[in-house]
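Take a look at the structure set out below.
The values are calculated or read from the model by the stated rules, or taken from the named source; none is laboratory data. Predicted model only: the values in this text are computed from it and were never measured. A quick note on method: Cβ atoms are made from the backbone with ideal geometry, for glycine too, and the neighbour counts reach across all protein chains shown.
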Amino acid sequence: MSHHELFLLFAALIVILGVVVAIARFRVHPFPALVIGALALGLWSGASPDQVLISFRKGFGETEASVGVLLALGAMFGEMLASSGGAERVSSALLRVGGTKMIPWTMAAVAMILGLPLFFEAGVVLMMPIIMNVGARLAKDPGGLKGNPYLLAGLPVFAGIGVLHVLVPPHPGPMVAIDALKADMGGTLLLGLLMSIPVAIVAGPLFTYWAATRASASPPVDLVARLTRTDDQFRAPGIAATILTILFPILLMLGKAGVDLMLPAGHPVRTLFEFIGNPAVALLLAVLLSMFTFGFFLGKDTVRVGKLLGDALPPVAAIMLIIGAGGALKQMLIDVGLGTTIADSAKMLHFSPLLLGWFTAVIIRLATGSATVATVTAAGLMAATVGTPGLNPSLLALSIGAGSMFFSHINDAGFWLVKEYMGMSLPDVFKTWSMIATIISVMGLGLCLLLSFVI
């Protein structure tokens with residue numbers, strides 16, 4: 001490793017630690033702390049001011065165009081769902097299934113079912129009204145459950161969606177790895193589903209019972225109030241209409257995943273679903289549908305519905321800015337060449353292909369904060385190993401996907417999404433969500449190594 005590459009590693013480490021200390025120790029707001037960190041890293045690495053600003057705009061803009069739009073549309077959808085009483089109905093049904101003590105298991109199961117076609121961020125946004133309603137009800141009546149009520153409701157959801165995001169096609173990470181490594185789609189899908197169940201159990205309900213008594217979450221009061229209130233002057237939607245509306249964007253995204261697998265590129269139906277099944281478009285259509293099922297059909301006029309949609313945005317404005325700044329820091333880490341530096345260094349390690357693929361994805365994930373970048377880079381590096389006697393390409397793809405999940409921290413947009421929605425301190429996010437991501441990653445590798453002796 002050259003002196004310049006060592007310098008890049010040192011600069012990135014100092015900047016990341018500086019941002020953490022500024023937020024945790026000196027109570028600096030995450031948005032300016034992340035902005036300063038991103039700009040400082042770019043300038044310190046030797047990039048020109050113009051290039052630093054270009055990287056900042058690219059990272060901030062791309063993150064807002066993906067995660068930010070999902071957050072805004074999800075907030076609108078959640079507002080319509082909550083104000084109609086639909087979220088309260090769903091949370092009541094979940095509490096009846098298995099009772100209060102089984103809530104972590106129920107929430108994990110629901111998250112895995114709904115999360116099959118969803119990006120992590122989209123899944124979190126769609127589940128948040130239900131998390132807040134279940135958490136609020138547990139706060140009033142814990143029913144023998146010990147620990148923070150919002151963590152008991154939320155952590156299993158994050159685990160369930162996170163497991164699927166990195167282990168099960170057609171999520172983007174596994175799909176990229178499958179393509180690069182020429183792995184069998186059906187085999188990888190089956191293995192990913194089988195692995196995801198024990199991983200989700202350990203990272204979800206089992207870890208939640210432990211973590212919920214050792215960490216705290218206090219979601220913003222105005223956000224909880226909005227997502228748990230009901231407008232009693234209007235009739236409530238039926239449970240069937242509520243469930244169908246919630247499932248609508250999920251079915252669109254699932255439809256996109258299905259036609260991508262079954263139909264050739266350029267087919268009219270595939271082209272249609274590639275558009276309407278895009279997470280942002282699917283959520284936009286869901287918002288439009290909710291205006292009717294949770295609005296006009298219940299007797300609300302256009303003024304009332306418009307006010308509900310507008311009122312949904314202020315509580316999530318700060319979250320959107322923080323996520324954008326986190327995206328800018330991630331892009332700066334990538335553009336200064338840190339990902340390439342780490343990938344080149346990984347080539348010198350003499351590990352088994354499964355372990356090397358996982359380790360490469362881990363260190364790129366830690367450096368850049370992007371699971372997609374980690375997967376793409378690691379899969380590209382490991383493509384040359386395909387054909388090695390005894391190596392199953394599907395297991396290699398899954399080990400890389402598991403590595404891309406390792407220890408989410410401040411350069412990951414998902415980290416800030418969880419932190420700000422749940423109202424957690426930095427230490428508590430590290431103790432909960434970051435550890436969930438690490439459990440998923442390490443267990444995923446362990447199962448891949450175990451299966452390598454069987455298949």
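From (1) part of a loop (DSSP other than H, G, I, E, B); (2) touching a Pro at 6+ places or on another chain (Cβ under 7 Å); (3) closer than 30 Å to residue 24 by Cα, pick out the condition that doesn't hold for residue 408.
Unmet for residue 408, out of (1) part of a loop (DSSP other than H, G, I, E, B); (2) touching a Pro at 6+ places or on another chain (Cβ under 7 Å); (3) closer than 30 Å to residue 24 by Cα: (2).
Quick one: is residue 144 free of Cβ contacts under 8 Å to residues at least 24 places away in the same chain and of a type in the set (Gly, Ala, Ser)?
Values: free of Cβ contacts under 8 Å to residues at least 24 places away in the same chain: no; of a type in the set (Gly, Ala, Ser): yes.
No, not satisfied.
Condition test on residue 423, is it more than 23 Å from residue 329 (Cα to Cα), modelled with pLDDT of 95 or more and either among the aromatic types (Phe, Trp, Tyr) or out of contact with any Asp or Glu (no Cβ under 6 Å at 6 or more places or on another chain) (or both)?
So residue 423 fails the test.
Return the pairs, sorted by first residue and then second, in which the second residue is of a type in the set (Lys, Arg) and in a helix (DSSP H, G or I), the first residue lies in the stretch 257-271 and is surrounded by 12 or more Cβ atoms within 10 Å (Cβ to Cβ), the beta carbons are less than 8 Å apart, and the residues are 6+ apart or on different chains.
259/270; 260/270; 263/270
Of the residues that make up the stretch 414-425, is at least one touching a Lys or Arg at 6+ places or on another chain (Cβ under 9 Å), crowded, with 22+ Cβ neighbours inside 10 Å and assigned to a helix (DSSP H, G or I)?
For the stretch 414-425, residues touching a Lys or Arg at 6+ places or on another chain (Cβ under 9 Å), crowded, with 22+ Cβ neighbours inside 10 Å and assigned to a helix (DSSP H, G or I): absent.
Could you please find all residues in the stretch 193-213 being over 12 Å from residue 156 (Cβ atoms) and out of contact with any Gly (no Cβ under 8 Å at 6 or more places or on another chain)?
Once the filter is applied, which keeps residues that are over 12 Å from residue 156 (Cβ atoms) and out of contact with any Gly (no Cβ under 8 Å at 6 or more places or on another chain), the stretch 193-213 yields 193, 194, 196, 197, 198, 210.
What are the pairs, 6+ residues apart or on separate chains, where a residue within the stretch 423-442 that is over 19 Å from residue 152 (Cβ atoms) has its Cβ under 7 Å from a residue that is surrounded by fewer than 24 Cβ atoms within 10 Å (Cβ to Cβ) and modelled with pLDDT of 95 or more?
Sorted first by the residue in the stretch 423-442, then by its partner, the pairs are 438/407.
Select, from 372, 368, 377, the only residue that is loosely packed, with under 15 Cβ neighbours inside 10 Å, of a type in the set (Ser, Thr, Tyr) and in contact with a Gly (Cβ under 7 Å, 6 or more places away or on another chain).
Of the residues listed, the single one that is loosely packed, with under 15 Cβ neighbours inside 10 Å, of a type in the set (Ser, Thr, Tyr) and in contact with a Gly (Cβ under 7 Å, 6 or more places away or on another chain) is 372.
Across the stretch 28-67, what is the total count of residues that are of a type in the set (Gly, Ala, Ser) and under 23 Å from residue 372 (Cα atoms)?
The number of residues fulfilling the criteria is 8.
Could you tell me whether the stretch 77-96 includes any residue that is of a type outside the set (Phe, Trp, Tyr), over 22 Å from residue 113 (Cβ atoms) and part of a loop (DSSP other than H, G, I, E, B)?
Yes: the stretch 77-96 contains one or more residues that are of a type outside the set (Phe, Trp, Tyr), over 22 Å from residue 113 (Cβ atoms) and part of a loop (DSSP other than H, G, I, E, B).
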